[in-house]
Amino acid sequence: MRATVAGTGHYLPGSPVSNEELISRYGLRIKPFFIERHIGAGTRHFAAPGQATSDLATEAAARAMEPSGIPPCEIRRIILATVSGDLPTPATACIVQRKLGLRGTAAIDIIGACSGFLQALDIGSRCVQTGEAPVLVIGADVRSRQLNFEDLRTVFLYGDGAGAVVLRASETDAGIWHSILSADGEGAEAVCVPGGGSREPLTPEGLAARRNMISMPNGRLVARAAREGFRALAARLETESAVSLSDVGFFCMHQPNLFLLRDILADLEIPEERCWVNFPRYANTTSASVAIALSEANAAGVLRAGEWVCLGAVGAGFAGGIQLMRWEGAGSR
């Protein structure tokens, strides 16, 4: 019994924020054309002051459930991937559950950053296989609350957003056929928020030093690890599934930055027209990245029933995931 996608949905808060607006708002000394040539982002979305991750997640979840044909009361589990939860504890999935009007449903958070949605999807598909279906899987982040708007290395890289899918048991050979997760703890601090955990509780001094915000001291190291990670995951997928990437109809990949994504596609010999690319519009939405790409690709009608679809991500913690599914056709909004 395989898990298949019954519905997809996504949500981007507010109006697009341009590079020019960011430069003007924070008095940054950089030219817009440099950002577009070296990062590839033109706009991104930021949550309003009164919005939290649970708000974005709830909206995306509602948009995925509506076209799925599955009543919300039948959802057995809610699995939310996020690194920007509403509170340190409890799980933000519990808050999403309440906002959706559900009770008694298991509600779980996954802290996997860029590969978090694929980690949540992996767990969700295994829940379906053991009889716990349907499952609501969400990726959502309000990364703007963790951004140092004076750090030119990260300020233009990130945006806020949410994407969701509803998984159900497949009655055909469609669904998730193979899923691989990996990590390399040697890269645990390569992209991180250093302050606020048990290792370094936040103090006034830590707040003044922006220790509660994203730190990425060596972008080249992160890019190299991402490319190596994708190559390793792709090789494993082809060996373990006996399906060549050349046989895959469409790809929905994590969007770290435009040029790194293009390098990864070139490494894997994947034509860019067979991959959904939205980084120029949304920047890196972290846990939501793959979920939004999948939802948009489904809404655009580029995912054809019976074709192979591949999802992939590598990011913080040098953690990665890759999944191969035979697309059945899913409702979208």
Can you pull out every residue in segment 140-164 that is within 18 Å of Asp109 (Cα to Cα), acidic (Asp, Glu) and in a loop (DSSP other than H, G, I, E, B)? Asp160
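For (1) of a type in the set (A, V, I, L, M); (2) modelled with pLDDT of 95 or more, each residue gets a yes or a no:
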| residue | (1), (2) |
| --- | --- |
| Asp109 | no, yes |
| Ala140 | yes, yes |
| Asp151 | no, no |
| Ala164 | yes, yes |
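How many residues are hydrophobic (A, V, I, L, M, F, W, C), farther than 18 Å from Thr285 by Cβ and outside any loop (DSSP other than H, G, I, E, B) when one looks only at segment 207-222? Give the steps one after another, and end with the answer.
Pass one, segment 207-222, residues hydrophobic (A, V, I, L, M, F, W, C): 207-209, 213-214, 216, 221-222.
Still in the running and farther than 18 Å from Thr285 by Cβ: 207-209, 221.
Remaining after also requiring outside any loop (DSSP other than H, G, I, E, B): 207-208, 221.
Number satisfying all stated conditions: 3.
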Find all pairs meeting these conditions: Cβ atoms under 9 angstrom apart; at least six residues apart or on different chains; first residue within segment 173-191 and free of Cβ contacts under 8 Å to residues at least 40 places away in the same chain; second residue open to solvent by 30 Å² or more (accessible area, probe 1.4 Å) and in a loop (DSSP other than H, G, I, E, B). Glu189/Pro217
Go through segment 190-217 and give me each residue that's open to solvent by 40 Å² or more (accessible area, probe 1.4 Å) and under 13 Å from Phe318 (Cα atoms). none
Go through (1) of a type outside the set (A, V, I, L, M, F, W, C); (2) under 20 Å from the mean Cα position of the chain (by Cα); (3) within 24 Å of Leu294 (Cβ to Cβ) one by one and return the number of the condition Gly219 breaks. (3)
Kindly indicate the residue of segment 244-274 that is within 20 Å of Leu221 (Cβ to Cβ) and over 20 Å from the mean Cα position of the chain (by Cα) and also least open to solvent (accessible area, probe 1.4 Å) among those meeting that condition. Asp267
Starting from segment 10-39, keep only residues that are over 30 Å from Ser295 (Cα atoms), then list their pairs with residues that are loosely packed, with under 13 Cβ neighbours inside 10 Å whose Cβ atoms are within a distance under 8 Å, requiring at least 6 positions of separation or different chains. Tyr26/Glu150; Leu28/Glu150
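Looking at Ile70, Ile79, Ile110, which one is touching a Pro at 6+ places or on another chain (Cβ under 7 Å), within 19 Å of Ile138 (Cβ to Cβ) and open to solvent by less than 50 Å² (accessible area, probe 1.4 Å)?
On the way: Ile79 fails: touching a Pro at 6+ places or on another chain (Cβ under 7 Å); Ile110 fails: touching a Pro at 6+ places or on another chain (Cβ under 7 Å).
Residue meeting the stated conditions: Ile70.
Got a number for residues in segment 114-139 being in contact with a Cys (Cβ under 9 Å, 6 or more places away or on another chain) and in a helix (DSSP H, G or I)? Break it down into steps so the answer makes sense when it comes.
Initially, segment 114-139 is screened for residues in contact with a Cys (Cβ under 9 Å, 6 or more places away or on another chain), giving 133, 135.
Going one step further and asking which of them are in a helix (DSSP H, G or I), we end up with none.
Residues that pass the stated criteria total 0.
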Could you please give the count of residues in segment 280-306 that are open to solvent by less than 10 Å² (accessible area, probe 1.4 Å) and within 17 Å of Gly7 (Cβ to Cβ)? 8
So if I check each of Val309, Val277, which one is at pLDDT 95 or above, among the aliphatic types (A, V, I, L, M) and open to solvent by less than 30 Å² (accessible area, probe 1.4 Å)? Val309
Single residue of Glu186, Glu228 found to be modelled with pLDDT of 95 or more, surrounded by fewer than 16 Cβ atoms within 10 Å (Cβ to Cβ), farther than 24 Å from His45 by Cα and not small (Gly, Ala, Ser): Glu228
Between Leu102, Leu167, which is open to solvent by less than 40 Å² (accessible area, probe 1.4 Å), touching a Pro at 6+ places or on another chain (Cβ under 9 Å), part of a loop (DSSP other than H, G, I, E, B) and of a type outside the set (S, T, N, Q)? Leu102
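Check every one of the helices (runs of 4 or more DSSP H) wholly within segment 1-81 and list those with 2 or more residues that are in contact with a strand residue (DSSP E or B) (Cβ under 6 Å, 6 or more places away or on another chain) and more than 28 Å from Glu150 (Cβ to Cβ). Steps first, answer last, please.
Values: elements: 19-26, 32-38, 53-68.
By residue number, 53-68.
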Given Ala133, Ala162, which one is aliphatic (A, V, I, L, M) and touching a Lys or Arg at 6+ places or on another chain (Cβ under 6 Å)? Ala133
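The values are calculated or read from the model by the stated rules, or taken from the named source; none is laboratory data. Model, not experiment: these values are computed from the prediction. Neighbour counts run over all protein chains shown; Cβ positions are idealised from the backbone, glycine included. What goes into the accessible areas is simple: the full protein's heavy atoms, side chains included, and nothing from ligands, DNA or RNA. Shrake-Rupley method; radii C 1.70, N 1.55, O 1.52, S 1.80 Å.
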